[in-house]
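A.B. asks: This is the structure, below, for whatever I ask next.
The values are calculated or read from the model by the stated rules, or taken from the named source; none is laboratory data. Note that the structure is a prediction, hence the values are computed from the model and not measured. Cβ coordinates were reconstructed from backbone atoms using ideal geometry, including for glycine residues, and neighbour counts include every protein chain displayed. Side chains are part of the model used for accessible areas, which takes the heavy atoms of the whole protein and leaves out ligands, DNA and RNA. Shrake-Rupley method; radii C 1.70, N 1.55, O 1.52, S 1.80 Å.
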Amino acid sequence: MIALIALNALLMGLLVSAFAFGQYSSVGQEIWYRYGSLGFLFGGAILPAVALALGARRSQAFMRALISWMLAALFACCVYAMMSGGGV
């Protein structure tokens, strides 16, 4: 569980740092790149870590749901990174 949180935080943090200092030509681009990646970091690593710290370990069902949520967020973040990679 902790390893999955660390993996999410690492990969999503790298994505955030890559998009943090970009030169954006419109507000739409800034929202998609900068704030989209921050949303993945917040929803895929920070919130699950807080839930785990607040006592999610007590419930097996909640732990399964939290692991499913983090795996889905990691997959969605990977798709987001591929879609944001640009073209030829």
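A.B. asks: Pairs only if they're at least six apart or on different chains, beta carbon under 7 angstrom, first in segment 24-48 and among the polar types (S, T, N, Q), second open to solvent by less than 40 Å² (accessible area, probe 1.4 Å); list them, first residue then second.
C.D. replies: That search, which allows pairs on different chains as well, returns Ser37/Leu15; Ser37/Val16; Ser37/Phe19.
A.B. asks: Would you pick out the residues in segment 58-77 that are free of Cβ contacts under 8 Å to residues at least 12 places away in the same chain and either touching a Pro at 6+ places or on another chain (Cβ under 9 Å) or open to solvent by 60 Å² or more (accessible area, probe 1.4 Å) (or both)? Step through it out loud before you land on a result.
C.D. replies: Going through segment 58-77, the residues free of Cβ contacts under 8 Å to residues at least 12 places away in the same chain turn out to be 58-62, 64-65, 68, 72, 75.
Hits for segment 58-77 are Arg58, Gln60, Ala61, Phe62, Arg64, Ser68, Phe75.
A.B. asks: Still on this structure, I have one more. Going residue by residue through segment 60-67, is there one that turns out to be among the basic types (Lys, Arg) and over 13 Å from the mean Cα position of the chain (by Cα)? Give the derivation first.
C.D. replies: Here is the first cut: in segment 60-67, the ones among the basic types (Lys, Arg) are 64.
Those still in the list that are over 13 Å from the mean Cα position of the chain (by Cα) too: 64.
The answer is yes; a qualifying residue exists.
A.B. asks: How many residues, within segment 3-30, are β-branched (Val, Ile, Thr), closer than 17 Å to Val79 by Cα and open to solvent by 40 Å² or more (accessible area, probe 1.4 Å)?
C.D. replies: Summing the residues that are β-branched (Val, Ile, Thr), closer than 17 Å to Val79 by Cα and open to solvent by 40 Å² or more (accessible area, probe 1.4 Å) in segment 3-30 gives 0.
A.B. asks: Which is more than 28 Å from Arg58 (Cβ to Cβ) and touching a Ser or Thr at 6+ places or on another chain (Cβ under 7 Å), of Leu15, Leu38? Step through it out loud before you land on a result.
C.D. replies: On the way: Leu38 fails: touching a Ser or Thr at 6+ places or on another chain (Cβ under 7 Å).
When all the criteria are applied, what remains is Leu15.
A.B. asks: While we're on this one: Among the residues of segment 13-58, write down those that are of a type in the set (Val, Ile, Thr) and closer than 28 Å to Ala3 by Cα.
C.D. replies: Matches in segment 13-58: Val16, Ile46, Val50.
A.B. asks: Tally time: how many residues in segment 25-59 are modelled with pLDDT under 85 and not small (Gly, Ala, Ser)?
C.D. replies: 2
A.B. asks: OK, next. Based on this model, can you work out whether Leu7 counts as touching a residue at least 60 places away in the same chain (Cβ under 8 Å) and touching a helix residue (DSSP H, G or I) at 6+ places or on another chain (Cβ under 9 Å)? Reasoning before the result, please.
C.D. replies: Working: touching a residue at least 60 places away in the same chain (Cβ under 8 Å): yes; touching a helix residue (DSSP H, G or I) at 6+ places or on another chain (Cβ under 9 Å): yes.
The answer is yes for Leu7.
A.B. asks: State yes or no: is Leu38 part of a helix (DSSP H, G or I), on the phi < 0 side of the Ramachandran plot, touching a Phe, Trp or Tyr at 6+ places or on another chain (Cβ under 9 Å) and open to solvent by 80 Å² or more (accessible area, probe 1.4 Å)?
C.D. replies: no
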